[in-house]
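The values are calculated or read from the model by the stated rules, or taken from the named source; none is laboratory data. Fair warning: this is a prediction, and the values are worked out from it, not measured in the lab. Cβ: placed from backbone, ideal geometry, glycine included. Neighbour counts: every protein chain shown.
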Amino acid sequence: MEDSPWALGEEAVRGSGPAAEASAPVILSDEPGSFAWGVLAKRHPALIQQVRNAFPYGRRQHEALDTLLDEITNGVVQPLAAADHDHVRWAAWGREYFGRSWYDTPFLWAESYFYRRLLGAVGYFGTGAWQGVDPFAPFKRAELRGEAVEEELRILDTLVDAPAEERAAALLHASLWGNRVDLGFRVSAGEPAVGDAAGSALVADDSAVLWRLLPVGASSTVAVVADNAGRELIPDLILIDHLLEHRYAERVVLYVKPYPYYVSDAMTADVVDCLRRLVEAAGESRRIGGRLWKAMAAGSLEVRTHPFFCAPLPYEEMPEDLRGEFESATLTMLKGDLNYRRLVGDQLWDATVPFADLTTYFPGAVVALRTLKSDVIVGLEQGTLDAFERSGTSWRTSGTHALIQVRR
């Protein structure tokens, strides 16, 4: 795997092609008070402590976590050990950044490398007893078994008799909002319609274009690149069931991460946990879970992964085998904030740069379903941008706004 054509150095991290050639600075973490700075200075140290407390790790893991904490707060970026299975790949990706402060490296690269180092510290890739133990599993499972999910699944029953278009819109918005899925599911009598509740918080909405790309009965294949597990993966699976059951798609391929990443990112084990959660529920949720279970056995729903999904690279640099898979799909849905950053480039774009201009390289039609949780944003109308900028709120990073953007 180490001689893979996408195991590149500086060119891969910075990207190439039309997006990289445009004049937009790569986002770093060196500005105190910025969103990126806050992730490195506050979120990552807190996460190390949370992981430490979540498992009865031994002395070796505690010492490795202490070393990592000291490095990210006081030291410089260190390379992986020569014996690590992916040392060659990360040596190429980090060639320009080793020996620097973590804050002086591209934000996307720093985040990705932090999670790789965290997994190394707890022995995930080792040969000992902690090999393959997901350090984030307790957080994901607690959310999945929480009362919020229970309530959202009960609300799902109110959609059973909703008109087809209204149900489709509700489930799309539920998948979009993830951990605010009540905005999408609540379509019961006396409550705001989807367009009033969720639509008012959208900064861009190409949902009509999305549905036109998936005519009923057209034997379409839809690729869905998942984001988070637990409470956010449940509505993704429910939307997938709707696509299959109502013949918007003949086949769906669900892409997940090959190993733990960004705390809550979905892996195959998380898909299984969510399916079991649906099957064990009551009412419409159980029926959906049963259909999805059978769809996997029949091949109309397939779960796949690829090492690229845990790489610090933009989608411009995807390997040819993955490019071929997306090219064969009628439509690729990229879920979440991280996928958006990788799709358009983690750069300080003018927010009015057209989404289509930055995604021309993508093999086939693509839709971004994203709740805004980072500084990157493109494809806005000037009037929309001006209104949000005047609001004085942290609308780009607070998770209170979202977008649906399509490039045909």
Of (1) within 22 Å of the chain's Cα centre (by Cα); (2) at pLDDT below 95, P258 satisfies every one except (2)
Expected single match for within 29 Å of L202 (Cβ to Cβ) and in contact with a strand residue (DSSP E or B) (Cβ under 7 Å, 6 or more places away or on another chain) among P106, P163 is P106
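Select, from P56, P138, the only residue that is within 22 Å of Y259 (Cα to Cα), surrounded by fewer than 20 Cβ atoms within 10 Å (Cβ to Cβ) and more than 23 Å from the chain's Cα centre (by Cα). If you could, list the steps in order and put the result at the bottom.
Values: P138 fails: more than 23 Å from the chain's Cα centre (by Cα).
Just a single option satisfies the conditions, and that option is P56.
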Out of curiosity, is V88 over 25 Å from D273 (Cα atoms) and part of a loop (DSSP other than H, G, I, E, B)?
no
Here the residues within the range 344-364 that are crowded, with 20+ Cβ neighbours inside 10 Å and touching a strand residue (DSSP E or B) at 6+ places or on another chain (Cβ under 6 Å) are Q347, F355, T359
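Does G199 meet the test of being in the same structural domain as L156 (by TED's automatic domain parsing), touching a strand residue (DSSP E or B) at 6+ places or on another chain (Cβ under 7 Å) and at pLDDT below 90?
On the way: in the same structural domain as L156 (by TED's automatic domain parsing): yes; touching a strand residue (DSSP E or B) at 6+ places or on another chain (Cβ under 7 Å): yes; at pLDDT below 90: yes.
Yes.
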Log entry, pairs with first residue in the range 344-367 being over 20 Å from T332 (Cα atoms), second being in a strand (DSSP E or B), beta carbons closer than 6 Å, six or more apart or on different chains, reads Q347/V26
Of the listed residues (L80, L119), the one being assigned to a helix (DSSP H, G or I), surrounded by 17 or more Cβ atoms within 10 Å (Cβ to Cβ) and either touching a Ser or Thr at 6+ places or on another chain (Cβ under 6 Å) or among the hydrophobic types (A, V, I, L, M, F, W, C) (or both) is L119
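Which of the residues belonging to the range 122-150 are in a helix (DSSP H, G or I), in contact with a helix residue (DSSP H, G or I) (Cβ under 9 Å, 6 or more places away or on another chain) and more than 24 Å from A36 (Cα to Cα)?
From the range 122-150, those in a helix (DSSP H, G or I) are 137-144, 147-150; that's our starting set.
If we keep only those that are in contact with a helix residue (DSSP H, G or I) (Cβ under 9 Å, 6 or more places away or on another chain) as well, we get 137-141, 143-144, 148-149.
Correct list: A137, P138, R141, E143, L144, A148, V149.
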Note on A295: of the conditions (1) buried (at least 20 other Cβ atoms within 10 Å of the Cβ); (2) among the hydrophobic types (A, V, I, L, M, F, W, C); (3) under 24 Å from H173 (Cβ atoms), unmet is (1)
Return yes or no: is D346 closer than 26 Å to V222 by Cα, modelled with pLDDT of 95 or more and among the acidic types (D, E)?
yes
Scanning for something free of Cβ contacts under 8 Å to residues at least 40 places away in the same chain and among the acidic types (D, E), does the range 293-309 turn up at least one residue? no
(1) part of a helix (DSSP H, G or I); (2) closer than 24 Å to G230 by Cα; (3) touching a Phe, Trp or Tyr at 6+ places or on another chain (Cβ under 8 Å); (4) modelled with pLDDT of 95 or more all hold for I155 apart from (4)
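Rundown of residues vs (1) at positive phi; (2) of a type in the set (K, R); (3) in contact with a Gly (Cβ under 7 Å, 6 or more places away or on another chain), yes/no style:
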position: G283; (1), (2), (3): yes, no, no
position: F326; (1), (2), (3): no, no, yes
position: T359; (1), (2), (3): no, no, no
position: Q382; (1), (2), (3): no, no, no
In the range 243-265, residues that are part of a helix (DSSP H, G or I) and surrounded by fewer than 21 Cβ atoms within 10 Å (Cβ to Cβ) total 2
